[in-house]
1. Just to be sure, is V404 assigned by the TED database to the domain that holds M429, at pLDDT below 80, over 13 Å from P439 (Cβ atoms) and β-branched (V, I, T)?
2. So is V138 β-branched (V, I, T), open to solvent by 10 Å² or more (accessible area, probe 1.4 Å), more than 19 Å from the chain's Cα centre (by Cα) and more than 30 Å from V554 (Cβ to Cβ) or not?
3. Mind listing whichever residues of the range 77-122 are closer than 30 Å to T136 by Cα, part of a helix (DSSP H, G or I) and open to solvent by less than 40 Å² (accessible area, probe 1.4 Å)?
4. Taking the criterion of being touching a Phe, Trp or Tyr at 6+ places or on another chain (Cβ under 9 Å) and either farther than 30 Å from W232 by Cβ or not in a helix (DSSP H, G or I) (or both), would at least one residue in the range 286-296 satisfy it?
5. Return the pairs, sorted by first residue and then second, in which the second residue is in a loop (DSSP other than H, G, I, E, B), the first residue lies in the range 523-537 and is modelled with pLDDT under 80, the beta carbons are less than 6 Å apart, and the residues are 6+ apart or on different chains.
6. From (1) at pLDDT 95 or above; (2) within 24 Å of the chain's Cα centre (by Cα), pick out the condition that doesn't hold for S327.
7. When the range 494-508 is examined, which residues are found to be in contact (Cβ under 8 Å) with a residue 24 or more places away in the chain and more than 12 Å from the chain's Cα centre (by Cα)?
Amino acid sequence: MDVLWAVAILAILFYLCRLLMLLIPPVVPEIVVDTSDVMLGKGGDDDSYIYVARRRSGDEDTVQCYDPATMKYLGQLPALNFDEVSDHVARAREAQKKWARSSFEKRRQLLRILLKYTIDHQELICEVSARDSGKTLVDAALGEILTTCEKISWLVGQGEQWLQPEYRLVKLFISAGRMMLHKTARVEYSPIGVIGAIVPWNYPFHNILNPMVSAVFAGNAIVIKVSEHASWSAFFYSRIIKAALRAAGAPADLVHVITGYGETGKALVSLVDKLIFVGSTAVGKMVMEQAAKTLTPVVLELGGKDPFIVCEDADVAQIAARAALQSSGQNCAGAERFYIHAQIYQQFVDEVVRIVRTVRMGPPLEGLFDMGAVCIQEHTDRLQALVNDAVTKGAEIAVRGDLVLPDFGNSVVGQFYPPTVLLNVNHSMRLMQEEIFGPIIPIMKFHSDEEAITLANDSNFGLGCSVFSANKERAVAIASKIYCGMAAINDFAVTYMCQSLPFGGVKNSGFGKFAGVEGLRGCCLVKSIAEDRFSFFKTYPVAENAFQFEEALVRMFYGLTVVEKFQGLVNLVKIFTEQKDVKKTL
């Protein structure tokens with residue numbers, strides 16, 4: 001009993017010490033980053049001219065950048081060719097050789113420096129993101145800052161433990177299999193080399209930091225090709241990363257952010273050791289085709305068409321508000337098909353319509369708006385084409401937000417699309433089959449859980465889903481039957497905030513995972529190692545009766561009955577006995 005008390009006291013003291021250590025903050029150096037050309041009033045002030053888009057001829061060597069909310073010119077960046085991309089990858093490869101030998105503590109310090117700067121400069125990062133992508137500051141705070149801080153915090157706190165060698169266990173025993181009892185089995189995770197990432201425009205800051213922090217924490221270098229629709233902000237964000245690398249004592253060429261068009265991305269695919277692509281299904285297929293030429297492994301996170309299912313026992317007012325506000329932003333990937341139980345259908349529609357009527361649109365930095373501009377040129381025309389197709393096939397426009405913007409002067413010529421709610425939709429309409437990526441809410445009714453599941457699975461996409469019900473078990477049962485990569489119960493898209501979870505879909509939404517344990521380990525060479533537990537055992541016997549020996553082993557280890565296993569054991573004894581008799585005769 002005295003021994004147990006001593007052990008208990010020692011355990012309590014140990015955990016108290018750990019708790020006290022948590023109260024001692026780590027020493028994190030502060031970095032200084034030049035912001036003179038991105039502060040409001042620089043590069044996009046009233047003296048800057050309105051950007052007039054021109055069609056690409058295929059030979060442009062620059063990327064022209066503009067604010068989609070005002071169409072004001074922001075600047076230009078180079079569109080890199082194959083040789084220039086190759087040079088970036090080569091420099092990253094040399095830097096990675098040094099970084100691969102770095103300690104986890106050094107890698108954590110790099111991430112802490114990035115985290116500290118992000119926390120201390122939230123407004124600046126959000127403003128830069130808003131000017132480049134047209135998003136509102138609230139959208140930027142959630143999608144750029146909160147998600148990035150959670151990602152870094154998870155890696156700093158738990159990343160190392162998931163990259164340690166892992167012994168394969170069966171209950172309390174280290175198992176290499178029945179036949180390999182004389183071996184130990186483990187998996188080791190080592191850096192893969194240079195990772196490439198091709199990322200979209202919708203969250204300029206997070207889309208760079210997200211693959212970057214995982215890659216470098218696992219000991220890799222990374223080259224990130226950003227979207228031509230959000231390159232201006234990337235130039236500033238890369239400046240933050242470079243300052244953090246210097247402060248952490250990491251190689252300067254460990255992280256590269258490059259700009260350009262499809263040709264730049266195509267070059268990157270053929271040069272790296274693994275590629276992470278986030279974008280459209282159409283471009284994802286081209287990336288996969290290019291990667292096949294060099295057998296480059298890829299992770300494809302492609303389009304989404306997530307079903308948003310609301311059962312009759314759910315809190316209609318609260319969920320309708322969430323649905324309307326989620327879909328009022330310009331970065332509305334995710335929930336794009338709304339299935340509402342017939343009993344609450346009209347109540348849900350009325351509530352969504354009421355909220356949509358209050359949505360305000362405008363340049364994000366001119367005030368507090370619920371909806372900013374659409375980033376990609378001519379995307380508003382595509383959104384209108386989807387609505388026209390639905391109306392032609394019988395859909396009804398329940399409400400359309402007011403497209404008349406507040407008076408910001410003649411300079412505001414940006415790309416805005418009014419939030420639109422459509423009823424009487426069906427799956428023959430393009431907007432129920434194609435990714436919308438815009439503020440359109442198509443609503444269908446269902447009468448049973450089975451019908452909702454059938455409708456949800458009637459799609460070429462399979463990224464995620466959201467299911468709402470006062471009966472949590474019912475919501476879980478519905479979600480479990482939807483063929484997709486992620487499910488949120490009584491909420492929307494929260495799986496991404498759980499950074500221990502992987503992110504990725506199925507079907508036309510792609511394959512492979514980033515984020516979470518699986519995403520972190522996906523940045524590694526996963527190596528299986530079997531090692532002798534006992535040196536006197538030999539796996540492959542060399543003797544005249546070797547076949548009979550192996551046959552008896554198989555029967556003993558894998559026989560389906562006790563009798564069969566015993567027969568194998570008897571045969572083994574006979575073989576050893578015969579060998580001893582032969583030796584005596586000789």
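1. Details: assigned by the TED database to the domain that holds M429: yes; at pLDDT below 80: yes; over 13 Å from P439 (Cβ atoms): yes; β-branched (V, I, T): yes.
Taking the combined requirement at face value, the residue satisfies it.
2. Here the answer is yes, as V138 does meet what is asked.
3. If the condition is that a residue be closer than 30 Å to T136 by Cα, part of a helix (DSSP H, G or I) and open to solvent by less than 40 Å² (accessible area, probe 1.4 Å), then L110, L111, I113, L114, L115, Y117, T118 are the ones that fit.
4. No: zero hits.
5. Partner pairs satisfying both residue conditions: R533/H182; F534/H182; F537/H182.
6. Going through the list (1) at pLDDT 95 or above; (2) within 24 Å of the chain's Cα centre (by Cα), S327 breaks only (1).
7. Correct list: V506, K507, N508.
Each row is one residue, and each column tells you yes or no for (1) open to solvent by 90 Å² or more (accessible area, probe 1.4 Å); (2) at pLDDT 70 or above; (3) under 29 Å from R112 (Cβ atoms).
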position	(1), (2), (3)
L19	yes, no, yes
V27	yes, yes, yes
M39	no, yes, yes
K42	yes, no, no
D46	yes, no, no
Y49	yes, no, no
V63	no, yes, no
G75	no, yes, no
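The values are calculated or read from the model by the stated rules, or taken from the named source; none is laboratory data. Predicted, not measured: the structure shown is a model, and the values here were computed from it. In this analysis, Cβ positions are derived from the backbone assuming ideal geometry, glycine residues included, and neighbour counts consider all displayed protein chains. Surface areas here come from the heavy atoms of the whole protein model, side chains and all, with no ligands, DNA or RNA. Shrake-Rupley method; radii C 1.70, N 1.55, O 1.52, S 1.80 Å.
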